[in-house]
Structures are given as structure tokens and as C-alpha cells.
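Trainee: Take a look at this one; I'll ask things after.
Derivation of every value follows stated rules applied to the coordinates shown; laboratory data play no part. Note that this is a predicted model, so its numbers are computed, not measured. Glycine gets a Cβ as well: all are built from the backbone with ideal geometry, and neighbour counts include every protein chain shown.
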Amino acid sequence: MRRMEEQYLWTIVCAVFVVILVGIAVRDRIQSRKRQITKLRQRWGKVPEQEYTSEELKSISHYAANHQNGRFMIDDITWNDLDLERIFLLLNNTCSSCGEEYLYAVLRLPEFREETLLERERLIEFFRGHQTEREMVQRGLLQVGKISGLSISDYIKALSEIPVRSRAKYFACFLLAVASIVCLLVKPAVGVSLLVAAVIVNISMHTMEANKIEVYLKCLMCLIRVLHASEKLGKEKIPELEEYLSRLRTNERKLHSVRKKSVTLVSAKGTEGDIAGVLYSYINSFFMLDFIQFYSILRVLRQNQQELETLTETLGILDTMIAVASYREYLPYYCIPKFSDQKHAAFMDVENLYHPLIANPVANSIRADGGILVTGSNASGKSTFLKNVAVNMILAQSIHTSLSSNYRASMCKVMTSMALRDDLQSGESYYIVEIRSLKRILEETGKDVPVLCIVDEVLRGTNTVERIAASSQVLAYLRRPSVICFAATHDIELSYILDRMYTNYHFEEEITEHDVRFNYLLKAGRATSRNAIALLELIGYDKGIVQAARASAEQFEKTGIWKEL
């Protein structure tokens, strides 16, 4: 009788313990949901604060590389010239790895099909105007979360590399754990000792095995999160998103068995890190549940890799369009770009254009239906303006957003040659790097899609005579109907040589006794002022150097001959 009472007492204690844990778990889930909504609302329309290492950014870029499929991609030279990594970070108000990888790919792989851009526009505006539905989708995306390391695209590719092992030892550990629990209920005195032994053996075994397949387990757990997010969002009833939600349901259904088995994987339990998740982690280790199901799940995922690709892409699309909608809320003003289908008469007509990375930017307007040559003094705004033109065309053809009051243009491939430097690794000089950079642009012209090319200081890496001779011919070659060429130069001679082929614009400055002031406004015509010697004086160079330099420049302008020193 006493033994029966002890068994009942143990049963009651265990039941109360379970009820308490369930109550704590429910409370934590409710609080976590409230925190999620609060954070989402605080982040909306704001600049993202998350920082990334260079390795993390590199892994994010892999999705774009893996899905290029012959499409035109913004190359590394242009990406770095335009500081597009910073622009990506400015836009990256995403909730998941799927979203940030897809957003990066959208910027790196500009669109040339207007119907795709119009569909993006529909989604962006829907999310801007429907907070409840937007937050519903974001909460689903948070189940995927952001995972550092390999990209999700790499995770899917890695499925075929995971070695298959026997599960016998994991089943043995599971039986040991079950036996210890049964013994604890039947014979508590013996059961306690057996339970302690089982905990030591199983958790030690789990730790050792986890170290062997840690990378692969992380890969699998990440993909399980994708399935859970897809399953959650697939249940939502949002008519405007039905095409995407239906795609999630259809493809997730083929992987339904994986989702059911994944309850044994800790990472599938969410990203909150609450007390329930920690407890589940220990239970999982004790029963070896994740290792038992690991290889069974792996087999199904390998058979359905295309479905996984579709799920990650669909989640990425939704997350990216929400991020763009948030970015639009942050902007002082923007417009929806309008595109021309003229492939053989490329043009660009933009009003009040401003740069996304500059605080209090000065807006400029430009119409280009051929070549634009920009002259001006140092630091007057030439390079920034050229970058602004290129960045806005990329944004127009990726996120269907122009940082201007009006944007009309042909769809173009964007290529630049600007912030070049010596290549110490290959031993190539600045000039060699520069002419290779220009050559890649020349080779891209004349193809099926127009080109917007941006060139800053053409052939600056060589002597004056050959620079002007060669650069004038390069720019003349780029003056084609299917090419919009913006070039900046200090060589005022080019503005005369190319006067019939390029429209001249300039930036100017105001020099006072103690300062040089720039208004950064683009003006028609070639530059008529210089400030290099004035800047020497302003920062405190020896007066003798300044005066002699000024005298030498004046003499050369009068005679065309440099005076021997």
C-alpha cells in the first residue's frame, strides 16, 4: 500500500511539474509575440541597425551568384564604385535570411522586364498600406530568422554532401532514457541511479556526435525553419497574396513529413530562446531525438531540393518587398520610375535626383540622350553626381523606386569605371587596371540591352598628351545610340574636342579669402574656374610655393609653354 502511495505521489509531482512548465511556456510565447510586434513597429520606416562582418556579407551574396542563370549582374567594379553594399544595408530591414539574400540578389541582378517590376510595385504598395497583413507575414518570416554562416542557398546545395550514418547507437541511447524513466516510476530508488547514469551517458554522447555533424545539423535546422515559416504563412488568408501563399502551401505539402518529424529538432522550435526552448534542448539531448530523425529528414529533403528552392525564393520575395516598403517610408520623397522600350535610342530624364547615402543632399536634374561630359574643380560634386545617376538607375530597375521627383529612362545595364587602384596582388599598375576596366565597358556596348556607363577621370593614369588623345577616342566610341555615357574630367580640352558629341555640364565653387564653398548644383556648359592652387593656399602651404604655382599656370595659359625652373 505504501509503495502505491509513493508511486501516486511521484505521478502527481511529475504532473504538477509538467503543468507548471506548460504554463511558463505559454506565458513566454505570449510575451514573445508581443515583443515581436513592438520591435516590428519600432523598426518600420527606420534605418536598420544590424551590423555585418565581411564574411557574413560574402555569404549573403551567394544566393545571387547561385541564381544568376546567365542574367546580367552588376559586377564587382561597379558594385564597389557605387558603394552598393552600404545601400543594401540601408535597405535591409528584412526579418529573415531568405529576405536579405533575395534583397541582395534584387540589387545585384537588375530587371529588364517591366511586368516583373510592376508586380514588385503591387506588393510594395500593398504592404505599405496594410499593417495587419504585413505584420502577419513578418511574424511568419521571423520563424526563419537570420542565421550567420553559409547562405540558405548554400545550405540547400550542401544537402548532397552530408554523409549518411547508422542510427543504431542513437536508438540504444533512446531506449536507455526510456528505461530509466519507467524504472523511476516503478522502483524510484533504482530509477534515480539509472536516470543519472542515462543523463550522463546520453548528453555526453549527444555532445560528441553534435561536434561531428555540427555544420550539417545547422544546415538542416535552418531549412526546417523555412518549412515551419512556409507552413505558418500558407495558412493565412490574404487574397492579395494568394499567389505566393498558394505556392508556399503547394511546395510545403510535399515536405510535410519533414515538418512533422522536425519536432525533435531544437532549432525548429523557433528563435525566441525562451525557457521552454532551453528545456526542450535538454530533453532532446537526453532522448537523442534529433539524431534519430536527422537522416530520415535528410533523405526527404534531398528528394525535394527544387521545392525547397521555391519556398526560400517565395519567402525572400515577400520579405524583400516589405523591406522596400519600409525604406519608402524613410525617404523624404521618391517617385515610381517610368521606362521606355527604345533599345536603340537610350535616354534618361530625371528631375530633382538625390543620393541615398548623403545627409541633406542637394538635388539635381538631368536629361541625357547620349553623352554627358561633366567638368569642375576638385571636390565640387562631379563624382557624387555620376554615382547618383548610376545608383538611381539600379534602384529603379530593382526596387522600382527612384530617389527623384520624376524619372523616365530606358532600361540599361549599368557599368562604371571610377574608384580604381593599383592591383598589388597581380602586380598591375593603375593604368593597366584602368584600361582593363574601360575595355569591359566597351565590350558590353552594342549588345541587345542599352548601357549606362559612368567614367570618372578617363585614363588619369598616364601623361597629359596621351591621356587626352586616347580618352577623347574612347569617349567618342561610347557615343552610340544605345549607350548613355556620363564622364567626368579635369581636362577642359575634352569639352572642346567632344563638343559636337557630348553635352557639357559643370559644377563650380565660390572662393573666399578663408574658404572654398560648393553649392553642388549642376550647371550647363563647361567649367571656367579652377581651385587646386587656391586649396593649397587655404590649408597653409608656403606662400612662395603658391605664388610660383599661380604664376606658372598664368604663363602657360598665355604662351602654351611651361617655364623651366
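Trainee: So if we plug the beta-carbon distance of Q68 and Q547 into 1/(1 + (r/R0)^6) with R0 = 51 Å, what FRET efficiency do we get, rounded to 0.05? Display every interim value, and only then the final one.
Mentor: Working: r = 57 Å, r/R0 = 1.13.
The computed FRET efficiency comes out at 0.35.
Trainee: Also, quick follow-up: In terms of the Cα gyration tensor, with a ≥ b ≥ c the square roots of its eigenvalues, is the range 338-530 rounded because a/c is under 1.5, prolate because a/b exceeds b/c, or oblate?
Mentor: On the way: a/c = 1.44, a/b = 1.04, b/c = 1.38.
The shape class here is rounded.
Trainee: Given the -39500 (n - 2.57) contribution per DSSP H run of 4+ residues, what per-residue ellipticity at 222 nm results for the chain, rounded to the nearest 500 deg cm²/dmol?
Mentor: Working: 23 runs with 326 residues, N = 565.
Counting only the DSSP helices, I get -18500 deg cm²/dmol.
Trainee: Lys/Arg Cβ at +1, Asp/Glu Cβ at -1, dipole of the chain taken about the Cα centre: which of I358, V474, H490 is farthest positive-ward?
Mentor: Projecting each Cα onto the dipole axis, the largest value belongs to I358.
Trainee: Just to be sure I understand the model, the point goes 7 Å from the Cα along the line to the Cβ. What's the resulting A476 to N519 distance in nm?
Mentor: Label at A476, label at N519, 3.6 nm between them.
Trainee: Next question. If you put +1 on each Lys and Arg Cβ and -1 on each Asp and Glu Cβ, how big is the dipole of the range 338-530 around its Cα centre, in Debye rounded to 20?
Mentor: Taking the Cα centre of the range 338-530 as origin, the dipole is about 540 debye.
Trainee: Additional query: In debye, nearest 20, what is the charge dipole magnitude of the range 55-330 about its Cα centre with +1 on Lys and Arg Cβ and -1 on Asp and Glu Cβ, if you could check?
Mentor: On the way: 33 positive and 35 negative charges, 339 e Å.
My answer is approximately 1620 debye.
Trainee: In the structure displayed, which of K146/K235; K439/K558; K543/K563; K39/K157 lie more than 27 Å apart, Cα to Cα? It would help to have the intermediate numbers written out before the result.
Mentor: Details: K146/K235 22 Å; K439/K558 37 Å; K543/K563 19 Å; K39/K157 33 Å.
In this structure, K439/K558; K39/K157 exceed 27 Å between Cα atoms.
Trainee: Taking the Cα-to-Cβ direction at A158 and at Q306 and moving 7 Å from each Cα, how far apart do the two end points lie in nm?
Mentor: For the pair A158/Q306, the computed spacing is 2.5 nm.
Trainee: Using +1 on the beta carbon of Lys and Arg, -1 on that of Asp and Glu, and nothing else charged, what's the dipole of the chain about the Cα centre, debye to 20? All intermediate terms of the calculation are to be shown ahead of the outcome.
Mentor: Values: 69 positive and 67 negative charges, 519 e Å.
My answer is approximately 2500 debye.
Trainee: While we're on this one: Among A210, Q306, V324, flag the residue with its Cα farthest along the positive direction of the charge dipole of the range 55-330, charges on Cβ as +1 for Lys/Arg and -1 for Asp/Glu.
Mentor: Most positive-ward Cα: A210.
Trainee: Label A179 and R253 with points 7 Å out from Cα along Cα→Cβ: what is the distance between them in nm?
Mentor: Once both label points are built, they end up 4.5 nm from each other.
Trainee: Report the relative contact order of the chain, percent, no decimals, based on alpha-carbon pairs under 8 angstrom and at least 6 residues apart.
Mentor: Details: 837 pairs, mean separation 89.7, N = 565.
Relative contact order comes out at 16 percent.
Trainee: From the cross-link list K232/K261; K58/K237; K58/K218; K46/K261; K254/K413, which pairs have alpha carbons spaced over 27 Å apart?
Mentor: Working: K232/K261 16 Å; K58/K237 36 Å; K58/K218 18 Å; K46/K261 39 Å; K254/K413 39 Å.
Too far apart for the 27 Å limit: K58/K237; K46/K261; K254/K413.
Trainee: So how do 101-109, 242-250, 281-289 stack up, highest first, on mean other-Cβ count within 10 Å?
Mentor: Values: 101-109: 24.8, 242-250: 16.8, 281-289: 18.8.
Going from most to least packed, we get 101-109, 281-289, 242-250.
Trainee: Distance from a point 7 Å along Cα→Cβ of N378 to each backbone N in the range 473-499: keep the residues under 17 Å and list them by number.
Mentor: 489-492
Trainee: Next question. Quick check: residue separation of R167 and L538 times 0.36 nm, minus the Cα distance between them. What number comes out in nm?
Mentor: Working: separation 371, 0.36 × 371 = 133.56 nm, distance 7.67 nm.
Length gained, R167 through L538: 125.9 nm.
Trainee: In addition: Name the shape class, rounded, prolate or oblate, that the alpha-carbon gyration tensor gives for the range 303-364, where a ≥ b ≥ c are the square roots of its eigenvalues, rounded holds for a/c under 1.5, and otherwise prolate holds if a/b is larger than b/c and oblate otherwise.
Mentor: Details: a/c = 3.71, a/b = 1.59, b/c = 2.33.
Here the range 303-364 falls in the oblate category.
Trainee: So, R0 is 51 Å and r is the distance between the beta-carbons of S204 and Q131; what FRET efficiency does that work out to, to 0.05?
Mentor: Details: r = 50 Å, r/R0 = 0.97.
Once rounded, the FRET efficiency stands at 0.55.
Trainee: When the chain is fully extended, how far beyond the present Cα-Cα distance does A469 get from Q50, taking 0.36 nm per residue of separation?
Mentor: Roughly 146.0 nm would be gained on extension.
Trainee: If you take the beta carbon distance between R43 and A359 as r and set R0 to 22 Å, what does 1/(1 + (r/R0)^6) give as a FRET efficiency, to the nearest 0.05? Don't jump to the answer; show the numbers that get you there.
Mentor: Numbers: r = 20 Å, r/R0 = 0.92.
For R43 and A359, the calculated efficiency is 0.60.
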